[in-house]
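A.B. asks: First, the structure itself, so that you have it in front of you.
The values are calculated or read from the model by the stated rules, or taken from the named source; none is laboratory data. Just so we're clear, the structure is a prediction, and the values are computed from it rather than from any experiment. Cβ atoms come from the backbone with ideal geometry, glycine included; neighbour counts cover every protein chain shown. Areas reflect the complete protein model, heavy atoms only, side chains present, ligands, DNA and RNA absent. Shrake-Rupley method; radii C 1.70, N 1.55, O 1.52, S 1.80 Å.
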Amino acid sequence: MKWKTGDTCYFVENNYRIIEATVTAVHGDFCVVKYGTNAGIRLRSSRLYQTPEEAHDSRIYHYPSNSNPYFYDH
């Protein structure tokens, strides 16, 4: 999707939280987004999603950190 200034988007922070943001500028394949009260970041447009569900589906899941290192899927 081509993002425009003023669009509402969602992105994943630290593969954990889903943040709602507003696009403030678009420069090529990068978008500057503003979130929270005084926070902003420049992200590639492929890391922005239209809905929170799309952002949730893009997260990478790992095994729990308290599992045995010899844990196998059987």
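A.B. asks: For segment 32-58: of the residues being part of a strand (DSSP E or B) and β-branched (Val, Ile, Thr), which is most open to solvent (accessible area, probe 1.4 Å)? Lay out the reasoning, then the answer.
C.D. replies: First pass over segment 32-58, keeping only residues part of a strand (DSSP E or B): 32-35, 39-44, 49.
This time we only want the ones that are β-branched (Val, Ile, Thr), so: 32-33, 41.
On the way: Val32: 46, Val33: 1, Ile41: 64 Å².
Only one residue fits best here, namely Ile41.
A.B. asks: When residues of segment 1-31 are filtered for being within 19 Å of Glu54 (Cα to Cα), among the aliphatic types (A, V, I, L, M) and surrounded by 11 or more Cβ atoms within 10 Å (Cβ to Cβ), how many remain?
C.D. replies: Here the count works out to 5.
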